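Asks: Below are the structure tokens for one structure; questions will follow.
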Amino acid sequence: MTDSRTHPYVNFVIDHPWWTLALVALGWALMAPNVLQVRPSISYQDMLGKDHPKLIDYERIQREYTRDDNLLVLVEARGGDAFDAETLAAARTLTEKLWHTPFSIRVDSISNFQHSYARGDELVVTDLVPGPDNPGRTPAAIRAIALDEPLLLNRATNRAGNVVAASVSFAFPNKDAREKLDAYAYVMALTRQLEAAHPQLRAHVSGLIALDATVMAVSQRETGLFLLLVIAVVILLLALFMRAVIPVALSILVCLFSIVMALALAGLMGWKLTPFTAAVPLIILIIAVADCVHIVTSYLHQLGARNDKPTALRLALQHNLGPVAITSLTTAIGFLTLNFSASDAIHALGNEVAFGVMAAFVFSVSLLPAALRLLPAPRRTPPSIAGAAQQGARLARFVADYRRSILAAAALLIVGLGLSVARNEINDIVPHYFAQSLPWRQANDFAEREFGGAYTFSWSLDSGVGNGVSDPIFLAKAARFVAWLRAQPDVVHVNSITDTFRRLNKNMHGDKARFYRLPDDKTLAAQYLLLYEMSLPYGLDLNNQINLDKSSLRVQATFKTLSTKQILAMERKVADWLEANLHEADAVGSGVQLMFAHMMSKDVAAMVFGAMAGLVVISLCLILALRSWRIGLLSLAPNLVPALAAFGVWGLSVGQIGMGLAMVSGMTIGIIVDDTVHFLYKYLLARRQRRLPPRAAVEYAYAMVGPAIVFTTLVLVSGFLLMTVLAEFRVNSDMASMISIVLGFALLFDLLVLPALLLSVDTTGDTEPGSVSPQWA
């Protein structure tokens, strides 16, 4: 299966280890400093890409009005009444302190809501909760006003009256993650002070800034503590398998060097550390171990065959150079299919891992054998490798004797689980990306329970002219839209300037209830608005509802928690209504969840297409590498079926496919090819070079790579399962869970189904006619 001569590269590495290490060190030293350029980011531009259409709509609304960047502080009265004197006083004090939050520009709360009323012919605008020096409104009166005011109910208080809220808006000058973390830390410290001073109160902090801070904390943990834990597990498994300190240490060094190279690429390209790319070091660590295991296993096997160290290394590298090269290439191709995603962050994830995998290949065939050449060899072969021949013979006999039963059982399994794939529903819920142990998730769930929902979407309605928001015709149409939104079953709150106009019209008519309606005169409406604005305190202007030239108004609606499909259906429903009733308003809708819903809906189809494209490329690579179209096509079965079976298991157990699983197909195709390639290379080596019959060739393949296949799968599954348990970002944990299931099925198919297929298809007693040996077998 190989040329009788040793490959020149192999001779160079083994004969010149110091030169090899010097070249590796030079290349690594030139690239590594770029790691320092990697910066954490939680911006939507870095996660979605600055040209994402929905991000453009979102930024347009953010420029027109007060930004949605906020922290929402929810104060719960454990006794059930948030409108008693002590709680209201505490809420007012908290509001005053929140104004001192770094980078804050506005604080809206139950206490400083600008309540307006008539006093004779005078319009009076005051804080809803008066200060201690002006106690003119009783708690009962405050409660009655709050529960009757549409701008407050389910926004600043809930219907039960046991929760009040304050929202802090921000303008970050540098749009830096650290600024958001500082603001979040300041508010969290205030809530702890509040709870210490008032044990009967409990505070929860939600909002987009809390979400961003949570994302950053999760990303840092997954690239720090979690990485150390996975390294510890990998070291333990390597030590149990190899029973030698030096190969274990060098394998870990290869993994760490590969991680640095991937992060250096990110720094060089300007890619940020996002929640998606936070998993890059973990993934590379888990995958890179496989290359080292195959080379070290072969090296120990050759030592056990009484070869001296240089010969053992030469044979180990010669026999594994080709398989490790093709498996690294196919793995990289699988991750490169993530470039079909609509997300720039997912592109970066795929590209960084692909580069890291190829770096691991380079280090495993240069740094690893060169260092092993210079360091002492292990004194004995580990039992797991020494007994491989006997185990391989037993397994080969079992497969040969029961190959029809194995293939029949596999066919039934494929059909049964294949039918279960249809049980999966492509859907996602953004808050559920995060573990329930996280404070933000707990606060978000609390807001959903008490206020009915936590999803906020905005629509900007443009009148087309300056001061057009005072036009009665435009206001009437906007009010119809507000009323229609409030009638939707999933809507829990709508915030609009139309309610303020109604209240002002009532105020200016002596607070008579029948005048709670929109003004019917544009000049009068403009005067009401001007009078109200002049009465507002600093920082509480109306830019959160109308733009600066008063040509547009914003309608904000809070929805119950919606899935991806429900969000997109809601968007279409609203767009249809606006087109039919308010088409001249040039309405623009946006929201954070809406952006991610669009990304998810596009990514599923794109990822499937990417996986198919990756499969075609990988298939061509296998056919060319194995120099046999028949064996190359045969190898597709154990590479396609595990993913199908895994999605069937997912359909039976979970049934929801989110963003994490959308990435799995292309990624796993590249990973699971590895064991198949190593097995087929050794099988064809036995058939073509050693002239062994099929059954003996299967025994040889089992003996040569069986332990390594089992162990690498164990390492991969252990690493990904640990990632499943530790990851607090569900996109990564779901991805790791599915990859673990796929790898489990892949091991079964590689050890049982693939040999059974080979024994059934390759029935000739000698080598395959007309075949040409791969160059590096």
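The values are calculated or read from the model by the stated rules, or taken from the named source; none is laboratory data. Quick caveat: nothing in here was measured; it's all calculated off a predicted structure. Heads up, the Cβs are rebuilt from the backbone with ideal geometry, glycines too, and the neighbour counts pull from every protein chain shown. The area values use the complete protein model at the heavy-atom level, side chains included, leaving out ligands, DNA and RNA. Shrake-Rupley method; radii C 1.70, N 1.55, O 1.52, S 1.80 Å.
Asks: Tell me whether segment 572-579 contains one or more residues that are modelled with pLDDT under 90 and more than 21 Å from the chain's Cα centre (by Cα).
Replies: No, the conditions are met nowhere in segment 572-579.
Asks: Another question, then. Which of the residues spanning segment 563-589 are out of contact with any strand residue (DSSP E or B) (no Cβ under 6 Å at 6 or more places or on another chain), under 19 Å from ASP490 (Cα atoms) and not in a helix (DSSP H, G or I)?
Replies: Result: SER563, single match.
Asks: Could you tell me which numbered condition LEU692 fails, if it satisfies all but one of (1) farther than 25 Å from CYS292 by Cα; (2) part of a helix (DSSP H, G or I); (3) of a type outside the set (D, E, K, R)?
Replies: (2)
Asks: Only one of these is more than 15 Å from ALA746 (Cβ to Cβ) and surrounded by 24 or more Cβ atoms within 10 Å (Cβ to Cβ): MET612, MET659, MET667. Name it.
Replies: Answer to the check: MET659.
Asks: Shifting gears a bit: Name the residue that is nearest to ALA478 (Cα to Cα), counting only residues in segment 519-530 that are part of a helix (DSSP H, G or I) and open to solvent by 70 Å² or more (accessible area, probe 1.4 Å).
Replies: Top of the filtered list is LYS522.
Asks: Between residues in segment 650-661 that are small (Gly, Ala, Ser) and residues that are crowded, with 20+ Cβ neighbours inside 10 Å and not in a helix (DSSP H, G or I), which pairs lie under 6 Å by C-beta distance while being six or more apart or on different chains?
Replies: GLY658/ASP428
Asks: Considering only residues that are part of a helix (DSSP H, G or I), surrounded by fewer than 23 Cβ atoms within 10 Å (Cβ to Cβ) and within 18 Å of the chain's Cα centre (by Cα), which ones fall in segment 432-441?
Replies: Listed by number, the residues that qualify are HIS432, ARG441.
One line per residue, one yes/no per condition, for (1) out of contact with any Leu (no Cβ under 8 Å at 6 or more places or on another chain); (2) closer than 26 Å to GLY589 by Cα; (3) in contact (Cβ under 8 Å) with a residue 12 or more places away in the chain:
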residue	(1), (2), (3)
PRO33	yes, no, yes
TYR44	no, yes, yes
ASP69	no, yes, yes
VAL73	no, yes, yes
LEU88	yes, no, yes
THR95	yes, no, yes
GLN114	no, no, yes
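Asks: Just give me the residues in segment 29-60 being at pLDDT 90 or above, open to solvent by less than 70 Å² (accessible area, probe 1.4 Å) and among the hydrophobic types (A, V, I, L, M, F, W, C), in sequence order.
Replies: Result: ALA29, MET31, ALA32, VAL35.
Asks: Can you give me the ranges of the strands (runs of 3 or more DSSP E) entirely in segment 121-228 with at least 2 residues that are of a type in the set (Asp, Glu) and either in contact with a Leu (Cβ under 6 Å, 6 or more places away or on another chain) or open to solvent by 30 Å² or more (accessible area, probe 1.4 Å) (or both)?
Replies: The qualifying strands (runs of 3 or more DSSP E) are 122-127.
Asks: Filter segment 239-257 down to the residues that are over 15 Å from ALA371 (Cβ atoms) and buried (at least 23 other Cβ atoms within 10 Å of the Cβ) and list them by number.
Replies: PHE241
For (1) surrounded by fewer than 17 Cβ atoms within 10 Å (Cβ to Cβ); (2) closer than 17 Å to ALA210 by Cβ, each residue gets a yes or a no:
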| site | (1), (2) |
| --- | --- |
| ALA411 | yes, no |
| ALA443 | no, yes |
| GLU450 | no, yes |
| SER460 | no, no |
| GLY466 | yes, no |
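Asks: Within segment 420-441, how many residues are hydroxyl-bearing (Ser, Thr, Tyr) and farther than 21 Å from PHE559 by Cα?
Replies: Total meeting the criteria: 2.
Asks: Can you tell me which residues in segment 485-518 are assigned to a helix (DSSP H, G or I) and either exposed (fewer than 14 other Cβ atoms within 10 Å of the Cβ) or of a type in the set (Gly, Ala, Ser) (or both)?
Replies: Correct list: ALA513, ARG514.
Asks: Filter segment 531-540 down to residues that are surrounded by fewer than 16 Cβ atoms within 10 Å (Cβ to Cβ) and either free of Cβ contacts under 8 Å to residues at least 12 places away in the same chain or assigned to a helix (DSSP H, G or I) (or both), then give me how many there are.
Replies: Here the count works out to 5.
Asks: Which residue is surrounded by the most Cβ atoms within 10 Å (Cβ to Cβ), if the candidates are limited to segment 546-559 and must be more than 12 Å from ARG63 (Cα to Cα) and β-branched (Val, Ile, Thr)?
Replies: VAL555
Asks: Between residues in segment 453-473 that are closer than 13 Å to THR523 by Cα and residues that are open to solvent by less than 50 Å² (accessible area, probe 1.4 Å) and charged (D, E, K, R), which pairs lie under 6 Å by C-beta distance while being six or more apart or on different chains?
Replies: ASN467/LYS550; VAL469/LYS550
Asks: What about ASN543, is it outside any strand (DSSP E or B), closer than 19 Å to PHE113 by Cβ and open to solvent by 30 Å² or more (accessible area, probe 1.4 Å)?
Replies: yes
Asks: Residue under question is THR277, and the condition is that it be crowded, with 24+ Cβ neighbours inside 10 Å, in contact (Cβ under 8 Å) with a residue 40 or more places away in the chain and closer than 30 Å to GLN45 by Cα; does it hold?
Replies: yes
Asks: Continuing with the same structure: For ALA686, indicate whether it is buried (at least 22 other Cβ atoms within 10 Å of the Cβ), more than 16 Å from LEU757 (Cα to Cα), under 34 Å from the mean Cα position of the chain (by Cα) and of a type in the set (Gly, Ala, Ser).
Replies: Criteria not met by ALA686.
Asks: So the check is Cβ under 7 Å with 6+ separation or different chains; which pairs have a first residue in segment 665-687 that's farther than 16 Å from ILE286 by Cβ and a second one that's of a type in the set (Lys, Arg) and at pLDDT below 85?
Replies: none
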